[in-house]
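K.L.:
First, the structure itself, so that you have it in front of you.
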Amino acid sequence: MPNILVIFIACAALLSLVFFIATVSALRKKELFSSAFRFLLALLALSLAGLFGMIVIATAGYRALTYEEIAAVVKTEPTGKKGFTANFLFSDGREASYALAGDALYVDAHILKWKPIVNLLGLHTAYELDRVAGRYMDLKEERESIRTVFLLSRDKPLDMFTLRQRYVLLKPLLDAEYGSASFIHSDKPAYFEIRVSTTGLLIREVGREAVPQSIQ
């Protein structure tokens, strides 16, 4: 959670409280115009606090992205002609295993790129892995064979990626929001790094020595 945003939320909430108190004081003195003006300022401050709070909640689970970052390490093991297991070790230490059908490992992600002015609030380009699936190389098999898809992102009350698509109000804050996907053959036991850069998602095969012991 960006510390600067938390400070903004606290300041906006405090300002809102101050203006509400000032509104009550003006009403007691029967200063109607002054009380109305102070009430509007209180609502504005409260709205700002709510907006910043919504951004904090909606970006929970997203990780700040630098030039290129390892989002997860994956070990794949074939379980049949058209099936394999993908064992994930995520960058936050979480582990998970998925039984997938197909010829290739497919992963996609949500990426949020903020406007420079929002960077001042402590928000920078961020990503969240969204789904993992098995992908068939043959189009006919992709249409007719068993499909296996699992959610990688965590449930949250609000999601910034969805909110941006729903509310035009957030357009001035976000420079871009897009999905990125990558896939790689999984026909043999192998280790992969799932990397995220500012241009998108990529999967790179690595040697066993580059993989943490817990996933081997």
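K.L.:
Which of (1) touching a Lys or Arg at 6+ places or on another chain (Cβ under 7 Å); (2) crowded, with 19+ Cβ neighbours inside 10 Å; (3) not polar (S, T, N, Q) does Val73 not meet, given it meets every other one?
P.N.:
Looking at each condition in turn, Val73 falls short on (1).
Conditions tested, residue by residue: (1) open to solvent by less than 10 Å² (accessible area, probe 1.4 Å); (2) of a type in the set (S, T, N, Q); (3) in contact with a Lys or Arg (Cβ under 6 Å, 6 or more places away or on another chain).
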position: Gly102; (1), (2), (3): yes, no, yes
position: Tyr106; (1), (2), (3): no, no, yes
position: Ile111; (1), (2), (3): yes, no, no
position: Trp114; (1), (2), (3): no, no, no
position: Met137; (1), (2), (3): no, no, no
position: Lys140; (1), (2), (3): no, no, no
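K.L.:
Tell me the residue from Val118, Val132 that is of a type in the set (A, V, I, L, M, F, W, C) and not in a strand (DSSP E or B), please.
P.N.:
Matching residue, one of Val118, Val132: Val118.
K.L.:
Quick one: Val56 ticks every box in (1) touching a Lys or Arg at 6+ places or on another chain (Cβ under 7 Å); (2) closer than 20 Å to Leu170 by Cα except a single one, so which number is it?
P.N.:
If we test Val56 against (1) touching a Lys or Arg at 6+ places or on another chain (Cβ under 7 Å); (2) closer than 20 Å to Leu170 by Cα, just (1) comes out false.
K.L.:
Looking at this structure, is Leu105 within 28 Å of Ser186 (Cβ to Cβ) and part of a strand (DSSP E or B)?
P.N.:
Spelling it out, Leu105 is indeed within 28 Å of Ser186 (Cβ to Cβ) and part of a strand (DSSP E or B).
K.L.:
In addition: Quick check on this structure: which one of Arg28, Arg38 is of a type in the set (Lys, Arg), over 30 Å from the mean Cα position of the chain (by Cα) and surrounded by fewer than 18 Cβ atoms within 10 Å (Cβ to Cβ)?
P.N.:
Arg28
K.L.:
Is it the case that segment 198-213 has a residue that's touching a helix residue (DSSP H, G or I) at 6+ places or on another chain (Cβ under 9 Å), within 25 Å of Glu69 (Cα to Cα), open to solvent by 20 Å² or more (accessible area, probe 1.4 Å) and touching a residue at least 24 places away in the same chain (Cβ under 8 Å)?
P.N.:
no
K.L.:
Now for a different question. If you check Phe8 against the conditions, is it open to solvent by 70 Å² or more (accessible area, probe 1.4 Å), within 30 Å of His124 (Cα to Cα), in a helix (DSSP H, G or I) and aromatic (Phe, Trp, Tyr)?
P.N.:
yes
K.L.:
Anything in segment 49-68 that is open to solvent by less than 40 Å² (accessible area, probe 1.4 Å), at pLDDT 75 or above and not β-branched (Val, Ile, Thr)? List them, or say none.
P.N.:
Ala49, Phe52, Gly53, Ala58 - these are the residues of segment 49-68 that are open to solvent by less than 40 Å² (accessible area, probe 1.4 Å), at pLDDT 75 or above and not β-branched (Val, Ile, Thr).
K.L.:
A follow-up question, please. Among (1) in contact (Cβ under 8 Å) with a residue 40 or more places away in the chain; (2) closer than 24 Å to Glu68 by Cα; (3) exposed (fewer than 15 other Cβ atoms within 10 Å of the Cβ), which single condition is Met160 missing?
P.N.:
Result: Met160 passes all but (3).
K.L.:
With the condition kept exactly as written, say whether any residue in segment 133-142 is under 23 Å from Glu209 (Cα atoms) and without any contact (Cβ under 8 Å) to a residue 24 or more places away in the chain.
P.N.:
So far as segment 133-142 goes, no, none of its residues is under 23 Å from Glu209 (Cα atoms) and without any contact (Cβ under 8 Å) to a residue 24 or more places away in the chain.
K.L.:
In segment 175-194, is there at least one residue being open to solvent by 50 Å² or more (accessible area, probe 1.4 Å), touching a residue at least 12 places away in the same chain (Cβ under 8 Å), in a loop (DSSP other than H, G, I, E, B) and farther than 17 Å from Glu77 by Cβ?
P.N.:
So far as segment 175-194 goes, no, none of its residues is open to solvent by 50 Å² or more (accessible area, probe 1.4 Å), touching a residue at least 12 places away in the same chain (Cβ under 8 Å), in a loop (DSSP other than H, G, I, E, B) and farther than 17 Å from Glu77 by Cβ.
The values are calculated or read from the model by the stated rules, or taken from the named source; none is laboratory data. Not measured: the values here are computed from a predicted model. Please note: Cβ atoms are built from the backbone with ideal geometry, for glycine as well, and neighbour counts cover all protein chains shown. The protein model used for the area step is the full one, side chains on, heavy atoms only, and it has no ligands, DNA or RNA in it. Shrake-Rupley method; radii C 1.70, N 1.55, O 1.52, S 1.80 Å.
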